[in-house]
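For reference, the structure is listed below as structure tokens.
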Amino acid sequence: MRKFIFWTPRILAIMLVLFLTLFSFDVFGMGYGFWGTLLAFLAHNIPVFILIAVLWISWKYEIVGGIAFILAGIFYIYFTIFRNDPFEWYYLSWSLIISGPAFLVGTLFLIGWFKKKHE
């Protein structure tokens with residue numbers, strides 16, 4: 001059980017980062033030219049780079065991962081639902097596809113931190 005609690009949030013975080021990276025590949029067919037495409041690709045991956053840095057820190061300090069991934073999920077819900085006008089109900093299910101795994105990863109990091117703290 002100890003290894004499961006240790007490895008599961010890390011593996012799920014890597015899978016989430018790779019999943020988010022897939023969304024940035026749409027810039028390659030938009031005809032921006034080389035530098036425009038490179039800039040758009042990097043701009044689309046800013047959240048990915050942030051989550052990679054958080055995962056790197058979280059590998060040792062699980063509390064950071066717990067808080068950061070949960071906050072990332074909350075921020076994504078905010079930017080998806082409340083920043084799109086007019087509000088459509090499908091935005092909620094759409095936002096849960098990304099924020100749900102982020103909440104799960106954050107919760108698992110917090111469980112790992114809590115268990116390590118009490119051992």
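Laboratory data are not the source of any read-out in this text; all were calculated from the coordinates shown. In this text, all values refer to a predicted model and were calculated from it rather than measured experimentally. When we count neighbours, we look across all protein chains shown, and the Cβ atoms used for this are built from the backbone with ideal geometry, even at glycine.
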* Which one of these does LEU110 not meet: (1) under 15 Å from the mean Cα position of the chain (by Cα); (2) surrounded by 13 or more Cβ atoms within 10 Å (Cβ to Cβ)? -> (1)
* Asked: If you check PHE6 against the conditions, is it in a helix (DSSP H, G or I), in contact with a helix residue (DSSP H, G or I) (Cβ under 9 Å, 6 or more places away or on another chain) and closer than 15 Å to SER99 by Cβ?
  -> no
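Which residues, counting only those in the range 73-96, are out of contact with any Ser or Thr (no Cβ under 8 Å at 6 or more places or on another chain) and under 16 Å from LEU12 (Cα atoms)?
At the first step, the residues of the range 73-96 found to be out of contact with any Ser or Thr (no Cβ under 8 Å at 6 or more places or on another chain) are 75, 78-79, 82-90, 92-93, 96.
Within the range 73-96, LEU96 is the sole residue that qualifies.
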* Note down all Cβ pairs under 6 Å where the first residue falls in the range 39-65 and is closer than 24 Å to TRP7 by Cα, the second is part of a helix (DSSP H, G or I) and among the hydroxyl-bearing types (Ser, Thr, Tyr), and they're at least six residues apart or on different chains. => VAL48/THR21; VAL64/SER58; GLY65/SER58
* Based on what the data block shows, is ILE70 among the β-branched types (Val, Ile, Thr) and either closer than 19 Å to ALA53 by Cβ or in contact (Cβ under 8 Å) with a residue 40 or more places away in the chain (or both)? -> yes
* Asked: Considering LEU18, LEU42, LEU55, LEU71, which residue is under 17 Å from the mean Cα position of the chain (by Cα) and surrounded by 15 or more Cβ atoms within 10 Å (Cβ to Cβ)?
  -> LEU55
* Asked: Do the conditions hold for PHE103, that is, is it of a type in the set (Phe, Trp, Tyr), surrounded by 12 or more Cβ atoms within 10 Å (Cβ to Cβ), within 30 Å of ARG2 (Cβ to Cβ) and within 10 Å of the chain's Cα centre (by Cα)?
  -> yes
* **the range 18-31 residues that are more than 14 Å from LEU42 (Cα to Cα) and without any contact (Cβ under 8 Å) to a residue 60 or more places away in the chain, paired with ones that are aliphatic (A, V, I, L, M) and assigned to a helix (DSSP H, G or I) (beta carbon under 8 Å, 6 or more apart)** => MET30/ALA40
